[in-house]
Structure formats: structure tokens, C-alpha cells
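Asks: The structure under discussion is supplied below as C-alpha cells; questions concerning it will follow.
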Amino acid sequence: PLAVGRGDGTISIWDLTPPDETDMGRTLLFELEKVHPGGVAKLSYFPQEPLLLSIGTTSNSILMHVFDNPDHSGRLLRQRRGHVAPPRHIRYLHPGNGILPNAADGTDASSCQILSGGGADRTLRVFSSARSVLDKEFGQGEGLEKKAKQLGLDSAAELKLPPVTATALSEARSRDWGDLVTIHRNHPFAYVWSTKRGAQSGPILRQNDWKVSAMQVPPPKTTHATSVTLSSCGNFAIVGTVGGIIYKYNVQSGLARGTFPKSAATKESRGGKQRMAGDVNRTMKALEKKMKISNRKSDTDKEERDAVHEAKLEQKRLAQLARGSHNGAAVTGLAVDSVNKTLVSVGSDAKLILWNFATHAPHKKSPFQLPSPATKLCHIRDSDLAAISMEDYTIVLFDCATLSIVRRFGVSNETVQHTGPISDLCFSPDGRSLYSSSLDGTVRVWDVPTNTCIDWLGFHSPPTSLTVSPTGEFLATTHADRVGISLWSDRTFYQTVHMDGAHPPTEPARMDDPTPIVESYDGDEDNVRNLQTLKAFASMETKEEDGSKLLPTAKEEGLITLSGMPPAHWKNLFHLELVKERNKPKEAPKKPPSAPFFLQWRGGESMGGNTDTPNVSQQETKGNIEEWDAVWSDDDDATNTDSTTDKKRPLNSTSEERIAGAMTKRPKVTHHRSHLAALLVDCYRRPEGHSRFQAVTDHVATLGPSAIDVSLSTLCSGAHDLDEGLHLLHMASLWLLEACQSRERYEAVNAYLHRFLYLHASVLAGVGSDSSQPGEDIEMTEEELANKLRLEELRKELLETTVLLKKAQQSASDALREKMQSNLCLLKHFSRML
């Protein structure tokens, strides 16, 4: 069969079998009507399978049809659909407050679902970053296509709800009724959805006098919804409007449960005179009527005075209510605390108002005046903090417990401030980071405890919305000219990233991903830009793989910094003997039994069996081996020592000059002991400076615990190795002294120092003692006496370096202990204040 796609999205299936009669044409088997609105881009059959794969031009969908019916008709087997227009609002389903443990920590696939909507296609979809099978579109009613045909509409999109502007989620009562509430653009009603069913479930949230039918008078424009939130119990939905009135609804029944402020509901619903609870005059009139006592003439003056007093009280109450409400200003953000006690609202009148959730009365200290009109509100219930974006492109953090502004982001420095309207806000699951997107094409990450910008992301297309996964590992963003959702991974979850709060980023990191062809308008420019971005990331990864990671530096001189290396690098140095004992084999390796068919060979036996006369080649080989042994032997001064010394010694030199020359003779150091010994000698020859032995520290940081132990142990083998090892121990002490005084890599340097003292404790303990006996110097030769004086000088220098090393280590330890003790005292003091 032949599949043909048309411009209206219909696919026609033709039979290409030649007909029996010449006048007859080919047969049309079946038509798939308007499967791709906007046209079919490509069709492809699977080899040897009755499967047809189709891609739409503008429908952003891939469909697979199977033809397994006897009448050659096809049916939809699988599909992948997306938004036709760029979405404007995304949220993770139940982020960070899952009821089940596997939903809260992100191990369940349902926690990877992203709710997306707000585009011009008027659809509400769910996309899963873990399983594509969970992708679905929320249904808005049955038979929309049929109704659109009956009404003569071009598509069923005209019968759908307007684009979504805000959503509210609560998993508390998701098993009983809907757990999702949405509001729509220029629309007064709020709608309840079920994320489990994937369709609208529940009543329409509206006031009793609002008409649903389009043929009747619609509600006024001041009632159009601008913000929405759900209570923590999942029973109530709060909807803010353009006119400043906040409506409260029951999610299960859809009935109105009052307004904020309360007088607004009373005026609209009753329209008559208000009755105040506890009115004494009303009670007295009821008693007079019951007892049939009438004394109107005497009480005429009193009634007039009471009426004037009531009018003044009413005027005062209305004035106070007007100050404590969003009168005529749009409500741009709503939030409810975790115990359903307080409702937080912000508006375009630069007011932040706290309401009593039960009595609908404003807080006695409300309203709180903001520096600028608010545009967005993001609330985290664990810490009761509310992040508010404003029209001056700044963000404030309001503490609902202390009723004060505790942070202001983007105010201190122009380089860390948004230069365009803030489109969305989102907290990380732990509440320590705040993400903000702006129409200036950037996303900034703010550290809440330190009030600093720690990351700055730049995009070619302005981000319109963002959301963070329940684990905090992924960041999802939508963009102005992209129909897809971009998913970004946080690198701090799988590698070490050093952040310096004192120096915020000065340039944004370009985060543009490769653009699909159907979404690219300037293909050449995008390809060049994407290529440059990929090369930049590749160079960064190459540098990190080469080990050139930036080490943490102290902000001030004298502060202690850690190495940032894995704990196993330095922790195992304290328990290396235990590790060796545990890894020791239980029994000695056994020699494998030789097979009987192996021919054994004995050295020295000839093929003919003559073993009496040695071979000439064997004698030459033996002589060559002895010569090589002499060349590589350590006893190079054992032969011809006296003759060589006598030849080189001047005839007129005295014994004192020879002793002084022997003392000034450079000590013999064996460089082939280890690479560490060679580095120590090389750094020791350098001029004294701040980072004289920095290369030694960098080299040791690349070794493992066992390699560090071997390198340190080869510096000196014991008391018999003082002629060469004492000088190496002195250089190692100078290296450790410099490392301790710098206070960098504190935990690793202390581990190196511990291992160094453990290995060479016996040698260092005998440095200060004099092992020479009286009268021994008389029996020594001149060279032995000079060597002894040189060793005594090295002992003295090593002893002085050891004393300085002890003071440097003690000073850093005391400073760290003092800071920790101070912090513990402050923490204990603050815990008692709670």
C-alpha cells in the first residue's frame, strides 16, 4: 500500500495492485482523517510490518498506526505528543511534599512528572522525565471534535478553556477528590482536576450569583482570577482576583466559604444592613419588644446619639478595612501556612497582608508595605518564608514568623540584578536556594543563608517559567519560542563545585541547547552558537579530568581551608596498620604442582651430558655479571678510597682545613629512594619563599594512602641510615612546617604529619640525645670527625624545625577548636530561645 499525507493532516492509504480492467484506477483502502492538524511532514512504513509512522508539520506529534483489520482500516497504536505553542507555566507534581517516602525522595517515577500548560494551544499536559508512557493530556470533556464540527469551528481548541495562568497542587486528599486547581487568563472561574485520572474532576469554583452560561451576563472583569493556592489539608482553595477580593471555596462541594476581607462577601450576598455580633442595642430592643415596654419619647435623644456613634464606628472600621485589604489592586500571590492558620497575600498595591484563615480578619499589624508592587509570590511551608518578586526587578524574602523582611536579592550590586521583569520563582526542596527567571534571558540561583548569587545562567530565548525537581537534582525551564521543556542537571550532585560567595559571577554561563530544526528560525547562527557552547563545555570537562581543579582559597589570611579530597585519602592514614592486617592473606601462596609432561632444565648441563669442564661462554657471562654488580653496587667508595683521596688531597693542606672542607661538603642524598625524596631535594634548593614546597604537597595529594606510607618510610630507614636519611627528614620537616603555617588543606596535612611522626618517631626522639662516648673523637679519622660534626649540625637544625612545627600545628588546632566551641555555644543558646 501507498500512504499519502495531505495538508489538512489526513493520511490516505492506496492499494497499488494493478486492476483487472484497464479503465479502472487504483483503489483507496482507508483514510485517517486529520490525525496531524496543520499537515503531515513525513510518513514511513516499518519493514515487513503493518506499521506506519507519521510526523506532523505543526502538530508536534509522532504517531504509529497499525493496520491489522480485515477491512484494511488502521488504528492508533502508540503516540508521542507535545505542545503546539510554547508553554508558559510548568510545575513538578507534588514537589517536595509527597505523602509516601518514595514520592518525597524522588525514587518513585511519579515524582518525575512535570505539569505543563499556559500556551496558546489551551492544553494541560503531563510529561515524565523517567517514563514516556506516563505522558498524557488532561481531558476537558468528551466529544469536543464532534461539537466543533457541529458548530462550524476550525478546531476543537476554540472550545477548550483559556490558557492556564497559575496552578495549585495538594496531595493530602488526592484519593478523595481533585488535587489540582487551575485558573485561566481573563476568566473568573477556577477548575478542579484529578492528576490521577488526568481529567477535570469536581465542581467549578464560582460565586453563587455568577452565571456559567455564555448567553447570560458574565461576571464583572474585577472578578477575573489572578492567583490561586490550596490549603495544606487539601479542603479549601483560595482564589485572588483583579479587584483585590480573595475568594475561599470548598474543593469537594465547590461552595463559596467567604471572602477576604469578610465584609466583601456580606455586601455582595445580602446587600442589606450589616449586623454585628454582640450588639447591645439590638439585644435591648429585642428585650423591650418581648416585655412590651415602649418609651420612645424619652429615648429619642439616646437613639440619635447611638446612631451617630455607630456611624463613626462603622466609618472607622471601613477605613481600617480599606487600609488592610487590596482595595482595587490585583492580588498577584497567595500562600497558606502548614497549619492552615495564616493566609499570605501580596498585590500590585505594594502591600503584604496576613489574614486569619478562620475568621478572615487581617492581622493587627497588617498591611506590610513592600518597596515596590509585587508580581510573584513563592512560599515554602517548612521554614515559613515567602519570596516576593517586585516590579523593580528585585526579590525580597519575608519571614512570616517574625513578620519582617530578612533578605533582599539583587539590590547590593548591579551585576547580580535582573534587568527585566521576573517571570517565575521557585525554592529548592531544602529551602537553601532560590531560583528566579527573568525576561532578560537569565536564570539566577540565590543562596538564602548568605544572601549571594551563586550561579548565573544565560539563555538565547527568555525563560518564562521554571521548576525544581523534588530531589533538587534537575531544573526544568520553558522559553518564549520553544515548544519543548528544557531539563538541566545540577552538577553539584555528582562532582565537587567550589563556590565563592565573596565574588559573585560577573558573566552568565551560556546554557543554550541544540535547537531542533522545526524550532530554529536562524539555523546557521544557532548552529554556530551551539557549537561554541559545546566546545566550551568540552574544554571545561577536559580541564577537570586533567586534575586542574581549583582549590578552595581562604578569604582572609590565617583562615583554615580544607582540601576537598575524598575522606578515604587521609582517613586511612590513621588506620593503615589495621587495613594492612585486614588485607593480609590467611595462608602463604602455594606452588602449583608441575605437570609430568614438563621437561625440567638444569643450569650448567650441556646437551651431551658433559658437566666436568665449564663452558667458555658461561665464564664470560659470569664475569659480565660481576662487572654489572660492581657498577650498580652501593659500595662505590669501598674500592680505591685511600688512593683516590691521596691523589686529590693537596700536599700543603692542614688537618683543620681538611675537617672544615669535609663539613662544608654537600651531603650525599640518594635520589632514587622515591619521587618524594627527589622533590624535597629540588624544592630545598629553591630560594626561601611562601610556597617553597608547594610541589611536594601537590604530589602527595595525588598518591593513595599506601603510596604515601611507602614514600614517607623511604626517607630514613632508621638509626643506621642517618648519614643520608637525616637530611631528608629535615627537608620533610620544613615541608610540613610550611604546610601547617599556611593552614591550607588542614585535614590532609595533619594526616601526613601523623604518618610522618609515626614512621620516624624513634629517629626524631633520639635527635636531641648525644650518643657519643668520651674519648671517642681521639680514635676517629679526619673524615669520620667531619661527618660527625655535619650530623650534629643537622640534628640541631632538625630539632629547631621540630619545635617550630609543633607550635604551628598547635596554633592552628587551638584556633579551630576555639571557633568550633564558639559556634556550639551560639547554637545551644539559639536552641534554648526557641
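The values are calculated or read from the model by the stated rules, or taken from the named source; none is laboratory data. The structure displayed is predicted, hence computed values, not measured ones. Note: ideal-geometry Cβ built from the backbone for every residue, glycine included; neighbour counts use all protein chains shown. SASA here: full protein model, heavy atoms, side chains in, ligands and nucleic acids out. Shrake-Rupley method; radii C 1.70, N 1.55, O 1.52, S 1.80 Å.
Asks: Regarding residue 147, is this residue of a type in the set (Lys, Arg), modelled with pLDDT under 90, surrounded by fewer than 20 Cβ atoms within 10 Å (Cβ to Cβ) and out of contact with any Pro (no Cβ under 7 Å at 6 or more places or on another chain)?
Replies: When the stated conditions are applied, residue 147 passes them.
Asks: Could you pull out the residue among 232, 201 that is at pLDDT below 90 and of a type in the set (Gly, Ala, Ser)?
Replies: 201
Asks: Those residues that are surrounded by 15 or more Cβ atoms within 10 Å (Cβ to Cβ) and either part of a loop (DSSP other than H, G, I, E, B) or touching a Lys or Arg at 6+ places or on another chain (Cβ under 8 Å) (or both), I need them from region 685-699; list them, please.
Replies: If the condition is that a residue be surrounded by 15 or more Cβ atoms within 10 Å (Cβ to Cβ) and either part of a loop (DSSP other than H, G, I, E, B) or touching a Lys or Arg at 6+ places or on another chain (Cβ under 8 Å) (or both), then 692, 693, 697 are the ones that fit.
Asks: Does region 83-93 include one or more residues that are within 27 Å of residue 479 (Cβ to Cβ) and at pLDDT below 90?
Replies: yes
Asks: Return the residues of region 470-495 that are closer than 30 Å to residue 564 by Cα and either among the β-branched types (Val, Ile, Thr) or assigned to a helix (DSSP H, G or I) (or both); say none if nothing qualifies.
Replies: Within region 470-495, 471, 491, 492, 493 meet the criteria.
Asks: Take the conditions among the acidic types (Asp, Glu) and closer than 21 Å to residue 235 by Cβ and apply them to residue 349. Does it pass?
Replies: No: the conditions fail for residue 349.
Asks: For residue 158, only one of the following conditions fails: (1) of a type outside the set (Phe, Trp, Tyr); (2) within 22 Å of residue 86 (Cβ to Cβ); (3) out of contact with any helix residue (DSSP H, G or I) (no Cβ under 9 Å at 6 or more places or on another chain). What is its number?
Replies: Checking residue 158 against (1) of a type outside the set (Phe, Trp, Tyr); (2) within 22 Å of residue 86 (Cβ to Cβ); (3) out of contact with any helix residue (DSSP H, G or I) (no Cβ under 9 Å at 6 or more places or on another chain), the one that fails is (3).
Asks: So in region 703-726, with the set limited to residues that are over 44 Å from the mean Cα position of the chain (by Cα) and assigned to a loop (DSSP other than H, G, I, E, B), which one is farthest from residue 765 (Cα to Cα)?
Replies: So, considering only residues that are over 44 Å from the mean Cα position of the chain (by Cα) and assigned to a loop (DSSP other than H, G, I, E, B), the one farthest from residue 765 (Cα to Cα) is 714.
Asks: Between a residue in region 382-397 that is touching a residue at least 60 places away in the same chain (Cβ under 8 Å) and more than 11 Å from residue 372 (Cβ to Cβ) and any residue that is open to solvent by 10 Å² or more (accessible area, probe 1.4 Å) and basic (Lys, Arg), which pairs come within a Cβ distance under 9 Å, given they are 6 or more apart or on different chains?
Replies: 385/407
Asks: For region 433-469, what are the residues that are in a loop (DSSP other than H, G, I, E, B) and farther than 16 Å from residue 481 by Cβ?
Replies: Listed by number, the residues that qualify are 448, 449, 450, 451, 469.
Asks: Please enumerate the residues belonging to region 62-86 that are open to solvent by 20 Å² or more (accessible area, probe 1.4 Å) and β-branched (Val, Ile, Thr).
Replies: 62, 84
Asks: For region 43-61, which positions are over 17 Å from residue 74 (Cβ atoms), open to solvent by 50 Å² or more (accessible area, probe 1.4 Å) and under 41 Å from the mean Cα position of the chain (by Cα)?
Replies: Passing the criteria: 57, 58, 60.
Asks: Being open to solvent by 50 Å² or more (accessible area, probe 1.4 Å) and small (Gly, Ala, Ser) is true for just one of 438, 489, 461. Which residue is that?
Replies: None of the others qualify; the one that does is 489.
Asks: In the set 729, 734, which member is over 35 Å from the mean Cα position of the chain (by Cα), open to solvent by less than 30 Å² (accessible area, probe 1.4 Å) and either within 27 Å of residue 566 (Cα to Cα) or not acidic (Asp, Glu) (or both)?
Replies: After applying the criteria, what remains is 729.
Asks: I'm checking my understanding of the structure. Among residues of region 94-117 that are modelled with pLDDT of 60 or more and touching a helix residue (DSSP H, G or I) at 6+ places or on another chain (Cβ under 9 Å), which one is nearest to residue 474 (Cα to Cα)?
Replies: 112
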